[in-house]
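Reviewing the structure listed below.
The values are calculated or read from the model by the stated rules, or taken from the named source; none is laboratory data. Keep in mind that what you see is a predicted model, and the values were worked out from it rather than measured. Every residue, glycine as well, gets a Cβ built from its backbone with ideal geometry; the counts of neighbours run over all protein chains shown. SASA here: full protein model, heavy atoms, side chains in, ligands and nucleic acids out. Shrake-Rupley method; radii C 1.70, N 1.55, O 1.52, S 1.80 Å.
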Amino acid sequence: MKIEGKDYKTIWFENDCVKIIDQTKLPHKFIIKDLKTVKDAINSIKLMEVRGAPLIGATAAYGIVLAILESNDQTFLKKSAEGLINSRPTAINLKWAIDRMMKKLSGINSDKILEIALSEAKKICEEDINFCKNIGLHGLKIIEEIYNKKKKPVNILTHCNAGWLATINWGTATSPIYHAHKKGIPIHVWVDETRPRNQGANLTSYELNEEEIKNTIIADNTGGILMNRGEVDMCIVGTDRTLANGDVCNKVGTYLKALAAKDNNIPFYVALPSSTIDWETKSSKDIPIEKRNSDELSKIEGLDENGNIIKVQIYPKKSKSVNLAFDITPAKYVTKLITEKGICEASENGLKKLFK
Ligand code: MRU
């Protein structure tokens, strides 16, 4: 997708380096950063320079490539894989990507190991692009249907950033929006600010602006009144991990939007590639929910009048705060899942029909 009219992907490999867009600096500064070691990849995931379930999976895959470039020692490779998996606990794509890489590399000690790892990491990225594109084509039908009935701009509410910046290209929740826009369907997106890291305001709004899609940032608590007033036609969000039973783990605040949508009879869709399905965990209670540093709540970042990015304290220094990064939306509140293979019920039956 585009930034200042130029096409970008979120991650690529060049001159023995992994190139990423440092998302902690967006929307104020566009900086491409080099990751040269597996430690760089781990830190980049931890610090959220890269974030979003599919993108952290891809970064972890390239992290394995960097580990091989650093050393041909198998113990180092295993330790690197563990470090990458543990860098963020909730998004299942991380484990999915590492398991896939390690399976591909198991038993290979030859000089070919680097070539095989690099080719697999690239394949993971290419696959994600195709998955996201197909999510868009399936989701487009839903938007088209609403537009054909309404004949007015379709108002879509989204939470967090499940855009192309969270994937390799297209995004999950945004892919149907981009496809609808390309088809000439008028769209307006309500962008949840998404405290505390403000992925909606800083990233979703930014990428929609760059693609010239109308959008309005709202405080996280505004969705309810907008739904109540008939100003939302549908909600689409992404997910960090969806269980086989259809329960959806996503950025904290998703659950409250789903409840409001249910109460107002507004369809609530979750867009995801199959790499985000956790087929093993049986109960959402067993999903590890990331608890991040309280500083993310008590300090806020922005531009000062000289154009420098600064952080300021916004709470009483003595106050305690807790920063859970994700929540669970039970399957019963999810209208449908939009996957690369089609649209299905948020249930084991629904998912198994698509993914045999
Ligand atoms: O903490 P983040 O920014 O990594 O959280 C991202 C989300 O919650 C996204 O909605 C999710 O990963 C879906 S990405 C296509």
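Worth a mention:
- Segments 257-266, 68-77 sorted - mean Cβ within 10 Å per residue, highest first: 257-266, 68-77
- Cα centroid separation, segment 122-148 to segment 242-280 (Å): 17
- Prolate/oblate/rounded call for segment 136-354, Cα gyration tensor, a/c under 1.5 rounded: oblate
- Cα-centre dipole for the chain with unit charges at Cβ (Lys and Arg positive, Asp and Glu negative), debye to 20: 700
- From most to least packed by mean Cβ count within 10 Å, the peptides 165-173, 3-11 give 165-173, 3-11.
- Straight-distance candidates among the aspartates and glutamates for linking to Lys104, with alpha-carbon spacing under 14 Å and chain neighbours fewer than 8 residues away dropped: Glu115, Glu120.
- Percent of beta bridges antiparallel (DSSP, the chain, rounded to nearest 5): 55
- Cross-linked pairs Lys36/Lys282; Lys95/Lys311; Lys151/Lys262; Lys39/Lys352; Lys19/Lys95; Lys182/Lys282: Cα-Cα separations exceed 28 Å for Lys36/Lys282; Lys95/Lys311; Lys39/Lys352; Lys182/Lys282.
- Local electrostatic count, Asn308, Cβ distance below 13 Å [Lys/Arg +1, Asp/Glu -1]: 0
- Whole-Hz ³J(HN,Hα) from phi, Karplus 6.51 cos²θ - 1.76 cosθ + 1.60, for segment 317-327, glycine and proline x: 4, 7, 6, 8, 8, 10, 10, 7, 8, 9, 9
- Relative contact order (percent, whole number), the chain, Cα cutoff 8 Å, 6+ residue spacing: 16
- In a DSSP loop and with at most 11 other Cβ atoms within 10 Å, the trypsin sites (Lys or Arg not before Pro) in segment 122-153 are Lys151.
- Long-range HN-HN contacts of Cys17 with modeled amide H, under 5 Å: none
- Per-residue HN-Hα couplings for segment 234-251 [Karplus 6.51, -1.76, 1.60; θ = phi - 60°; Hz; x = Gly/Pro]: 7, 10, 9, 10, x, 7, 9, 6, 10, 7, 4, 7, x, 5, 10, 9, 8, 3
- Lys133/Ile309 FRET efficiency (R0 41 Å; Cβ-Cβ; nearest 0.05): 0.80
- Part-to-part distance (alpha-carbon centres) for segment 335-354 and segment 1-52, which is given in Å: 32
- Selection among Ile3, Asn134, Tyr269 by position relative to the dipole of the chain gives Tyr269 as farthest towards the positive end (Cβ unit charges, Cα centre).
- With q set to 0.23, 0.26, 0.27 Å⁻¹, the log10 of I(q)/I(0) for segment 73-114, from the Debye formula over equal scatterers at the Cα positions, is -0.78, -0.93, -0.97.
- DSSP H segments from the chain that extend 24 Å or more along their own axis, Cα-based, with Kyte-Doolittle mean of 1.0 or above: 53-70
- Per residue accessible area in Å² of the chain, where ligands, DNA and RNA are left out and the probe is 1.4 Å: 46
- Derived scalar couplings between HN and Hα for segment 8-24 equal 9, 10, 7, 8, 7, 10, 8, 6, 6, 10, 9, 9, 9, 8, 6, 6, 6 Hz in order, rounded to whole Hz, by the Karplus curve 6.51 cos²θ - 1.76 cosθ + 1.60 (θ = phi - 60°), x for Gly and Pro.
- Distance between the 7 Å Cα→Cβ label points at Lys150 and Ser119: 4.7 nm.
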